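Right, one structure below, let's go through it.
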Amino acid sequence: MSNELTLDKPSATPATGEPLLQLSGVKKHFPVMDGLLFKRQVGAVHAVDGIDLDVHANESVGLVGESGCGKSTLGRVVTRLLEPTDGKLTYAGQDITHASRKQLAPIRSEIQMIFQDPYSSLNPRHTVGAIIGAPMEINGINPKGGVQNRVQELLETVGLNPEHYNRFPHEFSGGQRQRIGVARALSLSPKLIVADEPVSALDVSIQAQVVNLLQQLQKDLGIAFLFIAHDLSIVRHFSQRVAVMYLGKIVEIADRKSLYESPRHPYTHALLSAVPEADPDDVRERIRLVGDVPSPINPPTGCRFRTRCWKAQDKCATEEPPLVQLSGNLDGHLTACHFPEDGSTAVPEPRAAKEL
Amino acid sequence: MTTLAKPEEAAADRGGSSSSPFLSVRDLSVRFSTEDGVVRAVDNLSFSVEPGTTLGIVGESGSGKSVTNLAVLGLHNPDSTEITGSIRLAGQELVGAPVRELEKLRGNTMAMIFQDPLTALSPFHTIGKQIGETYRKHTGASKKEARDRAIEMLTKVGIPQPTTRVDDYPHQFSGGMRQRAMIAMSLVCNPKLVIADEPTTALDVTVQAQILDLLKDLQQEMGTAIILITHDLGVVAKTAQDIMVMYAGRAVERGTVREVLKNPQHPYTWGLLSSMPSLTGPVDIPLRPVRGTPPSLINLPTGCPFNPRCDHREQVVGGKCTTERPPLAPETGHATACHLSVGQKQSIFIDQIQPRLG
Ligand SMILES: Nc1ncnc2c1ncn2[C@@H]1O[C@H](COP(=O)(O)OP(=O)(O)O)[C@@H](O)[C@H]1O
Ligand SMILES: Nc1ncnc2c1ncn2[C@@H]1O[C@H](COP(=O)(O)OP(=O)(O)O)[C@@H](O)[C@H]1O
Ligand code: SF4
Ligand SMILES: [Mg+2]
Ligand SMILES: [Mg+2]
């Protein structure tokens with residue numbers, strides 16, 4: 001990308017060293033209702049169930065885990081599209097846990113979201129110019145040179161033809177539509193972007209083009225990312241730190257080298273071992289997880305992974321393992337497990353998880 | 001069970017021996033007439049598959065993978081589709097075969113596994129009924145026999161408590177279990193050819209690994225020939241013996257998994273491999289994706305269809321890339337469709353591509 005990237009908005013900055021975003025004990029439960037006429041709550045989906053997580057300026061934190069583990073819900077809580085059920089959400093030193101629309105207005109522009117589906121996330125009846133310009137209109141922002149000028153600048157930034165601002169989404173390919181989504185997210189010069197599976201729907205070569213674009217933007221504009229994906233290789237490529245979620249909780253978090261080379265949580269290990277590499281000489285043995293992820297309405301007691309874990313013992317059912325730094329781990333490498341792996345990526349014995 | 005060729009015989013058969021292959025596709029072209037013009041979805045494609053082996057077909061969306069396989073299954077609408085060339089299954093010609101003949105083969109001799117099990121399973125009937133009906137249709141078995149067979153198949157694909165789950169409806173199954181149920185339905189008549197179109201694309205890696213294991217186990221047991229369509233080269237590396245890389249409706253590279261993944265010789269295959277980050281590769285350098293986007297199949301570029309996106313066409317003498325279509329050569333074994341000389345391909349791969357694959 002040759003053109004210059006511009007950030008033209010002053011805003012609140014966290015004190016040096018302080019994280020840009022801070023989650024502590026964040027929960028999001030969805031009520032489960034029953035009854036035909038008189039609805040009453042009979043339970044709750046524990047979609048996000050006690051998350052502590054910091055994201056620093058300039059940093060990309062990856063979030064991985066099987067579908068249904070709460071990644072998107074967490075992303076929506078961070079952007080405050082959803083209000084947390086419990087816990088505390090701090091952005092640039094301000095408590096925004098329960099902030100109202102009005103209170104959120106000044107920071108809304110600083111936290112943006114990019115969605116997975118470049119088809120459904122763009123209104124088909126609006127021109128690309130209207131779509132990218134909308135956040136500016138809504139927030140009453142009038143950039144130097146006007147909205148159209150800024151839109152064209154953004155189109156160029158994301159590698160699209162600036163002349164195409166009058167076209168409609170269906171006139172673009174999947175990769176181009178995702179670029180439009182990126183341009184829209186950039187329109188308010190955000191500090192933090194929550195990217196929810198931004199490349200999952202794209203073909204490999206287009207995926208790589210968009211990953212490169214996001215990486216370039218991260219470097220040039222110093223935007224922090226919460227990068228959600230189920231593709232572990234892409235997350236490793238894009239994020240300096242990676243958190244692994246299972247049933248609403250973080251089970252392990254570390255710098256990418258530690259997490260990918262010496263995972264301590266059995267689930268992290270199993271997940272990594274299941275990734276097929278395009279190398280016929282890849283002889284890593286796979287840990288076979290049996291069964292499905294349990295329901296988040298009634299998560300297992302103790303350690304939530306225990307029903308699929310080959311190391312589980314009685315303690316795992318009665319005591320929830322805390323997310324802590326184990327001896328031998330680097331600073332910031334936290335694991336929630338009573339019987340952690342030894343940190344080598346060799347497959348442990350016995351290999352198969354217990355039958356349920 | 002019917003007698004089936006053993007994998008060893010199949011392996012010996014590969015590589016162009018004179019005996020005719022189990023599935024043989026020759027010069028297949030599929031064209032659709034549309035308002036905008038003729039879509040050349042598949043153009044002069046040839047490949048073969050042997051019993052007990054898996055052919056992985058890879059390529060980006062729109063490259064003609066599904067269209068090819070729908071042609072094998074005889075599922076295209078004859079009014080708007082022109083199919084030429086030859087598709088022989090165990091010696092029988094399928095192109096131009098009567099609709100009833102193809103219907104008899106589908107589900108019986110050949111079966112399909114889709115990406116989305118909900119397109120193959122009806123929400124209104126129990127899993128057991130659907131598996132059983134397929135069985136009854138092709139074997140004339142009684143209802144009781146069909147139910148027993150359904151339970152047997154559910155057991156085989158690893159559904160827990162098959163005797164009770166047989167009466168469940170598809171929505172009562174998790175995604176991974178539905179995929180298993182569909183596989184059970186596809187395999188209920190012991191088909192000799194299974195076409196799996198992105199069977200694990202919608203699944204998590206852990207479940208994907210379970211499903212791929214399952215397919216492999218069943219293949220070993222029954223000697224099935226499998227065509228596995230995917231955009232994931234990792235999946236192919238773990239399951240297939242042979243690979244065909246498709247681009248714009250044509251095969252651009254073909255060979256064994258080892259040949260194509262360890263010693264790729266076509267610029268498009270290089271692009272695919274360089275696009276994918278690995279679990280161990282360098283992280284601080286940008287990926288090297290193929291530039292641009294795939295061409296329109298109505299207005300294909302002249303010459304090599306990949307030429308507008310290729311980084312190496314300047315190295316071909318005489319500008320042939322834009323004027324002359326490169327054939328897939330050699331006839332058998334590891335082959336590519338590219339005008340670069342054998343020596344050029346090898347040295348570009350060694351000097352430029354291999355180092356960045358890590
Ligand atoms: N609006 C909602 N109402 C009820 N349940 C929900 C809602 N959104 C998500 N869930 C449930 O919360 C859990 C986590 O979902 P999600 O955050 O989408 O997971 P992921 O993005 O990791 O796949 C799932 O069980 C999902 O069904
Ligand atoms: N019935 C049809 N009519 C017209 N065009 C079609 C039809 N089916 C597929 N195509 C086109 O043929 C090309 C190949 O499609 P397909 O085989 O589905 O690709 P893929 O490799 O993703 O499976 C695409 O450009 C698609 O739009
Ligand atoms: S705490 Fe126990 S159940 Fe949980 S992952 Fe560790 S060993 Fe397994
Ligand atoms: Mg999600
Ligand atoms: Mg397809």
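See the values below:
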{"quantity": "Condition met for residue A:220 (within 12 Å of another protein chain (Cβ to nearest Cβ) and open to solvent by 10 Å² or more (accessible area, probe 1.4 Å))", "calculated": "no"}
{"quantity": "Answer residue from the range A:16-42, given it is small (Gly, Ala, Ser) and under 22 Å from residue A:245 (Cα atoms) and is least open to solvent (accessible area, probe 1.4 Å) among those", "calculated": "A:25"}
{"quantity": "Lone qualifier among A:92, A:12 - being open to solvent by less than 50 Å² (accessible area, probe 1.4 Å) and modelled with pLDDT of 90 or more", "calculated": "A:92"}
{"quantity": "Within the range A:135-152, tally of residues that are within 31 Å of the chain's Cα centre (by Cα) and among the basic types (Lys, Arg)", "calculated": "1"}
{"quantity": "Residue in the range A:199-211 that is more than 10 Å from chain B (Cβ to nearest Cβ) and within 28 Å of residue A:24 (Cβ to Cβ) present", "calculated": "no"}
{"quantity": "Any chance residue A:150 is open to solvent by 70 Å² or more (accessible area, probe 1.4 Å) and either out of contact with any strand residue (DSSP E or B) (no Cβ under 8 Å at 6 or more places or on another chain) or within 30 Å of residue A:64 (Cβ to Cβ) (or both)", "calculated": "no"}
{"quantity": "Helices (runs of 4 or more DSSP H) completely within the range A:71-169 that count 1 or more residues being within 16 Å of ligand 1 (Cβ to nearest atom)", "calculated": "A:71-78"}
{"quantity": "Selection status of residue A:249, open to solvent by 10 Å² or more (accessible area, probe 1.4 Å) and within 11 Å of chain B (Cβ to nearest Cβ)", "calculated": "no"}
{"quantity": "Among (1) of a type outside the set (A, V, I, L, M); (2) open to solvent by less than 60 Å² (accessible area, probe 1.4 Å); (3) in contact (Cβ under 8 Å) with a residue 40 or more places away in the chain - the single one residue B:82 does not satisfy", "calculated": "(2)"}
{"quantity": "One residue from B:195, B:183 being touching a helix residue (DSSP H, G or I) at 6+ places or on another chain (Cβ under 7 Å), outside any loop (DSSP other than H, G, I, E, B) and in the same structural domain as residue B:165 (by TED's automatic domain parsing)", "calculated": "B:183"}
{"quantity": "Qualifying residue in the range A:302-324 (condition: crowded, with 20+ Cβ neighbours inside 10 Å, assigned to a loop (DSSP other than H, G, I, E, B) and basic (Lys, Arg))", "calculated": "yes"}
{"quantity": "Any hit, the range B:209-226, residues being more than 7 Å from chain A (Cβ to nearest Cβ) and closer than 20 Å to residue A:202 by Cβ", "calculated": "no"}
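The values are calculated or read from the model by the stated rules, or taken from the named source; none is laboratory data. Remember, predicted model here, so these are calculated numbers, not experimental data. Here the Cβ is made from the backbone with ideal geometry for all residues, glycine too, and neighbour counts use every protein chain on show. Accessible surface is based on the protein model in full, side chains and every heavy atom, while ligands, DNA and RNA are left aside. Shrake-Rupley method; radii C 1.70, N 1.55, O 1.52, S 1.80 Å.
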